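Data first, discussion second: the structure below is written as structure tokens.
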Amino acid sequence: MLFRSARTNPDTIIIARTDALAVEGMDAAVSRMNAALDAGADVAFLEAVTTLEQMAQVPKRVKGPCLLNIPPIGGKTPRVNLDQAEAMGYRVTIVPGLLSRHVMASCEMVLRELAQTRAYPKSAMELPTMQDFAKRMDSDLWDQWRTQFR
């Protein structure tokens with residue numbers, strides 16, 4: 001009930017994370033996850049499972065929805081695809097850093113092209129217009145807020 005009483009917005013999802021696996025082992029980690037769910041967390045998250053066997057155990061032993069973190073290359077957690085994670089019983093899967101790493105690589109590619117050609121990159125010609133970009137960023141809503149909250 002601890003988490004439920006702290007929730008001020010019904011749309012908020014409370015994810016309880018534990019790193020106990022590395023220090024205390026699977027039994028203690030599962031116990032913590034179940035305690036967090038009993039206390040009102042919506043989702044349980046065990047950080048840094050290191051084997052596929054551990055990964056498959058978590059949703060079976062935890063009495064509620066589980067989150068799987070699929071880290072970038074070099075993380076401790078084995079790489080699985082979203083279908084595999086779902087088949088194991090995970091309700092939420094996150095892929096931290098996926099978009100930011102792609103954005104960084106794209107920026108480097110465009111800047112390299114600019115440095116080499118000394119001209120506006122041709123690859124940038126396929127991008128949305130500034131008007132399309134503004135719409136994608138909900139510019140109408142931002143304009144409304146700018147007027148409303150002057």
Pull out all pairs, ordered by first then second residue, where Cβ-Cβ is under 6 Å, the residues are six or more apart or on different chains, the first lies in the stretch 91-110 and is farther than 20 Å from M125 by Cβ, and the second is open to solvent by 60 Å² or more (accessible area, probe 1.4 Å) and at pLDDT 90 or above. T93/L82
Would you mind telling me which numbered condition in (1) open to solvent by 60 Å² or more (accessible area, probe 1.4 Å); (2) of a type in the set (S, T, Y); (3) outside any loop (DSSP other than H, G, I, E, B) T50 fails? (3)
Residue under evaluation Q84, criteria (1) touching a helix residue (DSSP H, G or I) at 6+ places or on another chain (Cβ under 8 Å); (2) more than 30 Å from S5 (Cβ to Cβ), criterion not met: (1)
Selection from the stretch 1-23 of residues that are open to solvent by 100 Å² or more (accessible area, probe 1.4 Å) and part of a helix (DSSP H, G or I): L2, R4, V23
Output the residue which, of all residues in the stretch 110-150 that are polar (S, T, N, Q) and assigned to a helix (DSSP H, G or I), is modelled with the lowest pLDDT. S123
Under 20 Å from T18 (Cβ atoms) and charged (D, E, K, R): which single residue out of K76, K122, K135 fits that description? K76
Of the residues in the stretch 71-109 that are open to solvent by less than 60 Å² (accessible area, probe 1.4 Å), farther than 14 Å from E47 by Cα and of a type in the set (G, A, S), the one that is modelled with the lowest pLDDT is G97
Quick check on my filter: what residues within the stretch 53-84 are free of Cβ contacts under 8 Å to residues at least 24 places away in the same chain, of a type in the set (A, V, I, L, M, F, W, C) and not in a loop (DSSP other than H, G, I, E, B)? L82
Quick one: F45 ticks every box in (1) modelled with pLDDT under 95; (2) not in a helix (DSSP H, G or I) bar one, so which box is it? (1)
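Which one of these is surrounded by 14 or more Cβ atoms within 10 Å (Cβ to Cβ) and at negative phi: L114, L127?
Matching residue, one of L114, L127: L114.
The values are calculated or read from the model by the stated rules, or taken from the named source; none is laboratory data. All values reported here derive from a predicted model rather than from experimental measurement. Methodologically, a virtual Cβ is constructed for each residue, glycine included, from the backbone with ideal geometry; neighbour enumeration extends over all protein chains shown. Accessible surface is based on the protein model in full, side chains and every heavy atom, while ligands, DNA and RNA are left aside. Shrake-Rupley method; radii C 1.70, N 1.55, O 1.52, S 1.80 Å.
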